[in-house]
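A short reminder: the numbers here are calculations on the coordinates, not readings from a lab. These numbers come from a predicted model, not from an experiment. Glycine also receives a Cβ, built like all others from the backbone with ideal geometry; neighbour counts cover every protein chain displayed.
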Amino acid sequence: MDHRLSLNVPLNRVEGDLEIRAEVDDGVVTDARACGTLYRGFETMMVGRAALDGLVITPRICGMCSTAHLSAAARALDMIAGAAPPPSAVRIRNVALMTEQLQSDLRQMFLMFTADLVNERYARAPLFEEAVRRYEPFKGRTVLDTIRETRKVLEILVIVGGQWPHSSFIVPGGVVSVLSPTDLMQCRLLLRGFRDWYERRVLGCPLGRWQDVRTAAGLDEWLEESEAHRDGDLGFCLRYGRSIGLDRMGRGVERFVSFGSLDLPDGTGVQARGGGSRLVPAGFASGHDQVRGFDERKVTEHVASSWFADGDGDGRHPMQGETRPYATGQESGKYSWAKAPRYEGLAAETGPLAEAVIARDPLFVDLVRRDGASALVRAIARLARAAEVIPAMEAWLAESAADPVFYRSPGEIPDGEGSGLVEASRGALGHWLRVERGAISHYQIVSPTTWNASPRDGAGARGPMEEALVGTTVQDAANPVELGHVVRSFDPCLVCTVHALRRGRPAGHRTVGLGL
């Protein structure tokens with residue numbers, strides 16, 4: 001390898017298009033830039049439209065997280081209208097969002113992340129042949145199982161929403177679905193089938209046994225407890241990931257943010273960890289043990305390194321932010337169509353690991369304490385999230401059958417401002433809008449990958465993904481699979497984040513494709 005090398009790495013197997021620029025010195029990444037290469041302009045598209053139009057347009061931002069965008073858009077309108085959806089409407093909203101998370105988490109892990117585990121680089125690894133049997137793209141046993149099982153569980157969304165993706169069944173005041181006892185029973189059966197597969201093939205044990213794993217040492221004990229635990233895909237990924245060093249790469253800023261999600265409806269038997277009002281708590285954590293309450297007024301977006309006009313200053317709250325494309329070259333250090341969200345002026349990671357840390361999940365708090373927020377810990381948190389949400393889904397589907405009221409009209413949408421904050425599959429998602437004279441006059445969206453793949457802010461601080469790449473050892477510049485491990489551990493979705501192809505590349509950079 002050259003003593004010093006600049007790599008331009010276009011990545012596929014992420015949602016959308018992402019380019020990583022890495023400076024490599026003596027085989028170690030010393031600097032990195034995450035470059036979103038596309039622009040589409042949904043926020044500008046919304047201005048001037050009727051207040052309810054966002055329920056139809058914003059779910060089309062992404063084909064993987066359309067229910068999350070619909071949920072955020074509806075919550076913002078709920079706030080403006082002062083709407084209070086009935087309890088079973090809250091239940092069905094939650095079930096829909098959680099179903100989307102189930103399919104996204106499993107598909108990302110086994111169709112996108114684990115494909116790197118069968119890279120030729122690891123051909124001599126002891127577990128390589130078994131990894132190929134499981135994760136070879138379009139052929140591996142787990143890959144094919146995941147496609148089949150996630151397709152089945154998505155039928156829940158078709159029943160409650162009429163279609164997936166891009167449904168519009170969540171509205172201010174509830175949902176437009178009228179679910180019969182037969183509909184709800186069918187949803188419960190579909191979820192039961194997914195749970196059976198997840199316990200048998202992914203965990204290798206019942207949910208209750210997994211939930212008893214509360215420390216890093218306990219995880220090691222669980223792994224050695226039975227062959228079924230070791231051979232389940234979670235156990236196998238742990239063993240194989242450790243053997244190739246995934247637990248030693250990808251530590252980022254180690255600050256975490258969650259907007260919170262999944263309101264507990266009145267009368268539910270589901271309880272939130274810590275006694276909060278939402279199953280997924282909101283918060284901000286600096287490190288693994290310094291969790292503070294969340295204040296949405298402390299969210300800002302920077303554009304110093306983004307191809308947008310700077311306006312009168314940087315670091316604006318989304319309700320004051322603008323989306324004015326400005327791309328005329330490399331001047332002023334601009335290099336991405338992604339903006340740079342910050343909380344209290346600080347870069348923060350979001351996603352399943354952030355949710356677990358902020359919820360004080362004892363296992364993942366201990367893993368971060370012991371190993372840091374590595375690529376492996378991040379991936380395992382995503383794979384394990386289903387164990388937390390499935391029991392709540394089962395309870396809410398059962399409760400809805402006894403309380404079949406799904407809508408309460410809020411009347412006309414008045415003028416006002418609102419925000420809709422949820423946890424999408426990839427983390428913190430927010431919609432901020434203003435309605436004036438019955439029409440949208442302002443709309444801003446902060447998506448999870450805008451947090452994780454953000455460029456540098458006005459102070460020059462790297463985003464979480466950029467920071468996680470620094471220090472990564474690259475064994476072969478022609479096959480920098482290590483960069484793929486780190487980037488894909490964040491489950492980037494550039495579709496939600498940025499959208500226009502900029503052709504060409506800076507002089508002196510080496511372009512290396514990193515795909516299937």
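If you count the DSSP beta bridges with both ends in the chain, what percent of them are antiparallel, to the nearest 5?
On the way: 53 of 59 bridges.
So the antiparallel bridges amount to about 90 percent of the total.
Using only alpha carbon positions, build the gyration tensor of segment 357-406, then give the equivalent ellipsoid semi-axes as the square roots of 5 times its eigenvalues, largest first, whole angstrom.
Values: eigenvalues 215, 21, 11 Å².
Calculated on Cα positions only, the semi-axes equal 33, 10, 7 Å.
Report the extension gain between Arg370 and Ile147 in nm, rounded to one decimal, defined as 0.36 nm multiplied by the number of residues separating them, less their alpha carbon distance.
My answer for the length gained is 76.9 nm.
Can you give me the distance in nm between label points at Thr215 and Arg49, each placed 7 Å from the Cα along the Cα-to-Cβ direction?
Each label point lies 7 Å from its Cα, and together they span 5.2 nm.
Determine the dipole magnitude for segment 210-309: charges of +1 sit on the beta-carbon of Lys and Arg, -1 on that of Asp and Glu, nothing else is charged, the reference point is the Cα centre, and the result goes in debye to the nearest 20. Spell out each step's value before the answer.
On the way: 12 positive and 16 negative charges, 102 e Å.
Charge dipole of segment 210-309: 480 debye, to the nearest 20.
Enumerate the amide H contacts of Ala424 below 5 Å, restricted to partners 5 or more residues apart or on another chain; note that Pro and chain-start residues carry no placed amide H.
HN-HN under 5 Å from Ala424: Leu429.
Neighbour counts of other C-beta atoms within 10 Å: give me Lys339, Lys298 arranged from fewest to most. Walk me through the numbers before you get to the answer.
Working: Lys339 31, Lys298 15.
Listed from fewest to most nearby Cβ atoms, that is Lys298, Lys339.
Relative contact order (percent) for the chain, with alpha-carbon contacts under 8 angstrom and 6 or more residues of separation?
On the way: 1121 pairs, mean separation 142.9, N = 516.
The value is 28 percent.
Got a sec to turn the phi values of segment 293-301 into Karplus ³J(HN,Hα) couplings, 6.51 cos²θ - 1.76 cosθ + 1.60 with θ = phi - 60°, whole Hz, x for Gly and Pro?
Taking θ as phi minus 60°, the curve returns x, 9, 10, 5, 5, 8, 7, 9, 10 Hz for segment 293-301.
Hey, any idea what the orientation-averaged projected area of the convex hull of segment 169-327's Cα atoms comes to, in nm²? Walk me through the numbers on the way to the answer.
On the way: hull surface 60.8 nm².
Averaged projected hull area, Cα only: 15.2 nm².
Placing unit charges on C-beta atoms (Lys and Arg positive, Asp and Glu negative, everything else neutral), compute the dipole magnitude of segment 62-183 about its Cα centre in debye, rounded to 20. Spell out each step's value before the answer.
Details: 13 positive and 12 negative charges, 17 e Å.
Dipole about the Cα centre, nearest 20: 80 debye.
Provide Thr449, Thr300 in ascending order of the number of other Cβ atoms located within 10 Å of each residue's Cβ, fewest first. Intermediate results must be reported in sequence, preceding the final value.
Details: Thr449 33, Thr300 22.
Ordered by Cβ neighbours within 10 Å, fewest first: Thr300, Thr449.
With θ taken as phi - 60° and the coefficients 6.51, -1.76 and 1.60, list the Karplus ³J(HN,Hα) couplings across segment 23-31 in order, rounded to whole Hz; mark glycine and proline as x.
These are the phi-based 3J(HN,Hα) values: 9, 10, 10, 6, x, 10, 5, 9, 7 Hz.
Which value results for Rg/Rh of segment 281-379 when Rg is the Cα radius of gyration and Rh the Kirkwood radius based on the inverse mean 1/r? The partial results should precede the final answer.
Values: Rg = 16.4 Å, Rh = 15.2 Å.
Taking Rh as the inverse mean 1/r over Cα pairs, Rg/Rh reads 1.08.
Could you work out [θ]222 nm for the chain from helices alone, using -39500 (n - 2.57) per DSSP H run of at least four and dividing by all its residues? Round to the nearest 500 deg cm²/dmol. Let's see the in-between values first.
Details: 19 runs with 191 residues, N = 516.
Value at 222 nm, helices only: -11000 deg cm²/dmol.
Can you give me the long-range amide H partners of Ser441? Hydrogens built in the peptide plane at 1.01 Å from N, cutoff under 5 Å, separation of 5 or more residues or another chain.
Amide H neighbours of Ser441, under 5 Å, 5+ apart: Gly48, Arg434, Val435, Glu436.
Rounded to whole Hz and in sequence order, give me ³J(HN,Hα) for segment 274-289 from the Karplus expression 6.51 cos²θ - 1.76 cosθ + 1.60, θ = phi - 60°, writing x for Gly and Pro.
For segment 274-289, the Karplus-derived couplings read x, x, x, 8, 10, 4, 9, x, 8, x, 9, 10, 9, x, 8, 9 Hz, x marking Gly and Pro.
What do you get for Rg/Rh of segment 122-232 when both radii come from the Cα atoms and Rh is the Kirkwood radius?
Ratio of gyration radius to Kirkwood radius: 1.10.
At q = 0.12, 0.21 Å⁻¹, what log₁₀ I(q)/I(0) does a Debye calculation on the Cα points of segment 23-176 give, no solvent, two decimals?
With no solvent term, the Cα-only Debye profile gives -0.71, -1.22.
Suppose every Lys and Arg Cβ carries +1 and every Asp and Glu Cβ carries -1, with no other charges. What dipole size does segment 423-476 come out with about its Cα centre, to the nearest 20 debye? Numbers along the way, then the final one.
Working: 5 positive and 6 negative charges, 58 e Å.
The calculation lands at about 280 debye.
FRET efficiency for His317 and Met185, Cβ-Cβ distance as r, R0 = 41 Å, nearest 0.05?
Working: r = 45 Å, r/R0 = 1.10.
Plugging the Cβ-Cβ distance into 1/(1 + (r/R0)^6) gives 0.35.
What ratio of Cα Rg to 2.2 N^0.38 Å holds for segment 240-295? Walk me through the numbers before you get to the answer.
Numbers: Rg = 15.9 Å, N = 56, 2.2 N^0.38 = 10.2 Å.
Normalised Rg, Cα atoms only: 1.56.
Here are some values of log10 I(q)/I(0) by the Debye sum over Cα atoms at q = 0.06, 0.07, 0.14 Å⁻¹: (1) -0.29, -0.40, -1.64; (2) -0.43, -0.55, -1.33; (3) -0.26, -0.36, -1.50. Which one was computed from this structure?
Step by step, log10 I(q)/I(0) by the Debye sum over Cα atoms at q = 0.06, 0.07, 0.14 Å⁻¹ for this structure corresponds to label (3).
Order 463-474, 132-143 from most to least packed using the mean count of other Cβ atoms within 10 Å.
Details: 463-474: 23.2, 132-143: 17.2.
The peptides rank, most packed first, as 463-474, 132-143.
Give the order of Ile244, Ile380 when sorted by the count of other beta carbons within 10 angstrom, beginning with the fewest.
Values: Ile244 23, Ile380 26.
Fewest to most other Cβ atoms nearby, the residues stand as Ile244, Ile380.
Taking amide H positions as placed in the peptide plane 1.01 Å from N, state which residues far from Thr30 in sequence (5 or more) or on other chains have amide H under 5 Å from it.
Glu23, Val24, Asp25, Gly471
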